[in-house]
1. Determine, yes or no, whether residue 39 is in contact (Cβ under 8 Å) with a residue 60 or more places away in the chain and at positive phi.
2. Could you tell me how many of the residues in segment 105-128 are within 19 Å of residue 48 (Cα to Cα) and modelled with pLDDT of 60 or more?
3. Do you know which residues across segment 67-88 are loosely packed, with under 13 Cβ neighbours inside 10 Å, over 10 Å from residue 36 (Cα atoms) and either in contact with a strand residue (DSSP E or B) (Cβ under 6 Å, 6 or more places away or on another chain) or of a type in the set (S, T, N, Q) (or both)?
4. Name the single residue, out of those in segment 25-44 being open to solvent by less than 70 Å² (accessible area, probe 1.4 Å) and of a type in the set (A, V, I, L, M), that is modelled with the lowest pLDDT.
5. Sort through 13, 95, 22 and tell me the only one that's touching a residue at least 60 places away in the same chain (Cβ under 8 Å) and open to solvent by 70 Å² or more (accessible area, probe 1.4 Å).
Amino acid sequence: MQRSELRLIKHALEYIPKDDFLSIPLNLRGIYVLYQKVGKNNAESHHYNFVYIGMASNNIRGRIRKHKEQKGNLWSHFSIFEVWDNISDEEIAELEGLFRHLYKYDSKANALNQQKGYAKLTRIRKQTEKEWYQ
């Protein structure tokens, strides 16, 4: 198996149909994204609208299964980004918080993403504003 060139991401799969979630190995840690496929079925003319981003500190497959059971009508495909073993749960949470922050006000992305802001990032932004704009 070839080693990933990335510092944070060990493995990645994108735009997998939600019914294929059982193909994900158990105990993966990292970030996952849920999408709703739009457009025609041929590969050149469809797109995926971002619906939700989440993290799992030990079981991405379980999180996707739960989303499928509870809100499966809101999304059709998923992507997963497994992190290396030396990436802490706090670092995964920071990545998730950053991505959620970026999509917080996206009207298409809020079908499942009814999240609060990422408080740590908000505090850093406010501190940066004070330091840079005084």
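The values are calculated or read from the model by the stated rules, or taken from the named source; none is laboratory data. Remember, predicted model here, so these are calculated numbers, not experimental data. Note that each Cβ is placed from the backbone with ideal geometry, even for glycine, and that neighbours are counted across all protein chains shown. Remember, those area values only see protein heavy atoms, side chains included, never the ligands or the DNA or RNA. Shrake-Rupley method; radii C 1.70, N 1.55, O 1.52, S 1.80 Å.
1. So residue 39 does not fit the description; no.
2. 6
3. Within segment 67-88, 70, 86, 88 qualify.
4. The qualifying residue modelled with the lowest pLDDT is 38.
5. None of the other options fit; the residue is 13.
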